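Okay, structure first, notes after.
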Amino acid sequence: LKSQQSKLRLIEKRVERLAAAIRLSTTRVTGAETNLGRATVVAPDDGIIVSETVQEGEFVSPGSPLFTFEDTSRSEVICNLSPRDIAWIRANSPVNEDVAKRLKENKSLAAYYLPKTDVEIYEPLNQNITWSGNLERFDGVGRDSRTRTIPARITVPQPVIEHQDGIHALVRGMYVKCKIKVQVSAGQQDHQFLSFPSTALRPGGYVWTVSDGKLKKVDVEVVDRANTRVDDDLIKSIIIRRSKNSLQPSDRVVVSPIPQ
């Protein structure tokens, strides 16, 4: 009896060791399956591999970069806004009641808040191809040291568009123009607009006017550009916001070049 009881205790210990070995093996199998899943690289979204750091068949250690993947499902455009541009956007972009209440309570938030505004993006060489974007936020805090403007970011949810002459993509490195769209009413007293030929606008945002036979420099606030048809001729026009110290409907502007 004593002999059989000793054998039984040995068998019970052996069963415990085998159960522990099974649990250890199960844990190793689970870890191997996890590593196998990690070995299969899956892109998080649509995109393109722009560079590779390893070749097929090479051994790599965990955490080593394999390639650089660029997401093409959405794009961002960096633009520079002047303080006057930002004031114009804040004055004319709609803000819901909840956000307006938060901005009123938090002055720090109001200082760095930029309303989400619709933006039309196009290439200067082909203005018929346009992308739709949204002005989202400032690109950091501060101004550009060279231009004294404020960087901002525009998100483009659909960077790939179809056009009558093919498919076009908004890619990194492109130089584009951005037209920010705000809803204003020309009937309001503080929102009156004037237009004049684009040849009158001088570098720096001013025009020359003629008063009593003398030239006068007048700064203007450009809000848009348009094509105006006059006597069957299409003329590029500048649209400005009218103010007390700006141009008036009766003013005469110089459209010819002035060498000095």
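The values are calculated or read from the model by the stated rules, or taken from the named source; none is laboratory data. The structure displayed is predicted, hence computed values, not measured ones. Glycine also receives a Cβ, built like all others from the backbone with ideal geometry; neighbour counts cover every protein chain displayed. Quick note on the areas: whole protein, heavy atoms, side chains included, nothing else; ligands and nucleic acids left out. Shrake-Rupley method; radii C 1.70, N 1.55, O 1.52, S 1.80 Å.
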Q. Could you say whether any residue in segment 94-102 is modelled with pLDDT under 85, surrounded by fewer than 13 Cβ atoms within 10 Å (Cβ to Cβ), farther than 30 Å from Glu70 by Cβ and in contact with a helix residue (DSSP H, G or I) (Cβ under 9 Å, 6 or more places away or on another chain)?
A. no
Q) Which condition number does Thr72 fail, the rest of (1) β-branched (Val, Ile, Thr); (2) within 20 Å of Leu170 (Cβ to Cβ); (3) exposed (fewer than 14 other Cβ atoms within 10 Å of the Cβ) being met? A) (3)
Q) Could you count how many residues in segment 192-242 are small (Gly, Ala, Ser), buried (at least 16 other Cβ atoms within 10 Å of the Cβ) and not in a strand (DSSP E or B)? A) 2
Q | Subset tally (residues that are open to solvent by less than 80 Å² (accessible area, probe 1.4 Å) and either on the phi > 0 side of the Ramachandran plot or of a type outside the set (A, V, I, L, M, F, W, C) (or both)) for segment 7-25 | A | 1
Q | segment 144-159, residues that are exposed (fewer than 15 other Cβ atoms within 10 Å of the Cβ) and either over 12 Å from the mean Cα position of the chain (by Cα) or under 20 Å from Ala87 (Cβ atoms) (or both) | A | Asp144, Ser145, Arg146, Thr147, Arg148
(Q) Step by step: first the residues of segment 38-65, then only those that are part of a loop (DSSP other than H, G, I, E, B) and open to solvent by less than 60 Å² (accessible area, probe 1.4 Å), then the one that is nearest to Arg172 (Cα to Cα). Which residue is that? (A) Ala43
Q: Identify the single condition in (1) over 28 Å from Gln158 (Cα atoms); (2) assigned to a helix (DSSP H, G or I) that Ile86 does not satisfy, given that it satisfies every other one.
A: (1)
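Suppose the filter is aromatic (Phe, Trp, Tyr), part of a loop (DSSP other than H, G, I, E, B), open to solvent by 50 Å² or more (accessible area, probe 1.4 Å) and touching a residue at least 40 places away in the same chain (Cβ under 8 Å); does Tyr113 pass it?
no
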Q: Identify the residue in segment 32-72 that is more than 30 Å from Thr155 (Cα to Cα), small (Gly, Ala, Ser) and modelled with pLDDT of 85 or more and, among all such residues, is farthest from the chain's Cα centre (by Cα).
A: Ala32
Q) Of Asn128, Asn80, which residue is surrounded by 10 or more Cβ atoms within 10 Å (Cβ to Cβ) and part of a strand (DSSP E or B)? A) Asn80
